[in-house]
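Each remark here refers to the structure printed beneath this line.
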Amino acid sequence: MAETQYYEGLGRRKTATARVRLYPGGDGTILVNDQSVDKYFGRDWDLKHLSEPLVVTNNAGRFNVSVHVSGGGITGQSGAIRLGIARALLKADPDYRMALRKFGFLTRDPRAKERKKAGLKRARKAPQYTKR
């Protein structure tokens, strides 16, 4: 019995982690945590954002995408999925590297929430100074 072949990619953004699998020969359906991507993400921007690597490489209808994502918020999760899809596409065909790199899809966004410091209200906000 032959196993189903897929290409896997891991994406992270802030505290979100996404494990992405691309199944070749599909019709372009995207499942996130066993739900439809339209049902999981409410905003159109997040839907457009995560499918950009497929659009740039002209693979929008060639792969079925299965994603398991956890942690973070909605936007962080969509960013993690986008990076995971780009990395999986790279495993499917290394010739996509130039196109994906040109649009910045292979670069992990290092920005994360800065920790709160002692004596401050937030990471950098200090209490109001009073002279008397």
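Confirm whether ALA92 is out of contact with any Ser or Thr (no Cβ under 8 Å at 6 or more places or on another chain), surrounded by fewer than 11 Cβ atoms within 10 Å (Cβ to Cβ) and either within 22 Å of PHE63 (Cα to Cα) or among the small types (Gly, Ala, Ser) (or both).
On the way: out of contact with any Ser or Thr (no Cβ under 8 Å at 6 or more places or on another chain): yes; surrounded by fewer than 11 Cβ atoms within 10 Å (Cβ to Cβ): no; either within 22 Å of PHE63 (Cα to Cα) or among the small types (Gly, Ala, Ser) (or both): yes.
For ALA92, the condition - out of contact with any Ser or Thr (no Cβ under 8 Å at 6 or more places or on another chain), surrounded by fewer than 11 Cβ atoms within 10 Å (Cβ to Cβ) and either within 22 Å of PHE63 (Cα to Cα) or among the small types (Gly, Ala, Ser) (or both) - is not met.
Take ARG108 and decide whether it is within 21 Å of ARG21 (Cα to Cα), assigned to a helix (DSSP H, G or I) and not aliphatic (A, V, I, L, M). Walk me through it before giving the result.
On the way: within 21 Å of ARG21 (Cα to Cα): yes; assigned to a helix (DSSP H, G or I): no; not aliphatic (A, V, I, L, M): yes.
Taking the combined requirement at face value, the residue does not satisfy it.
What pairs come up if the first residue lies in the stretch 8-19 and is in contact (Cβ under 8 Å) with a residue 12 or more places away in the chain and at positive phi, the second is surrounded by fewer than 22 Cβ atoms within 10 Å (Cβ to Cβ) and of a type outside the set (Ser, Thr, Tyr), and their beta carbons are under 6 Å apart, counting only those six or more places apart or on different chains?
LYS14/GLY72; LYS14/GLY76; LYS14/ALA112
Among the strands (runs of 3 or more DSSP E) confined wholly to the stretch 1-83, which include 1 or more residues that are surrounded by fewer than 20 Cβ atoms within 10 Å (Cβ to Cβ) and small (Gly, Ala, Ser)? First the steps, then the outcome.
Values: elements: 7-13, 16-24, 30-32, 63-70.
Counting at least 1 such residues, we get 63-70.
Each value in this text was obtained by applying a stated rule to the coordinates, not by laboratory testing. Everything quoted here is computed from the prediction, not taken from an experiment. Every residue, glycine among them, receives a Cβ derived from its backbone with ideal geometry; neighbour counts consider all protein chains shown.
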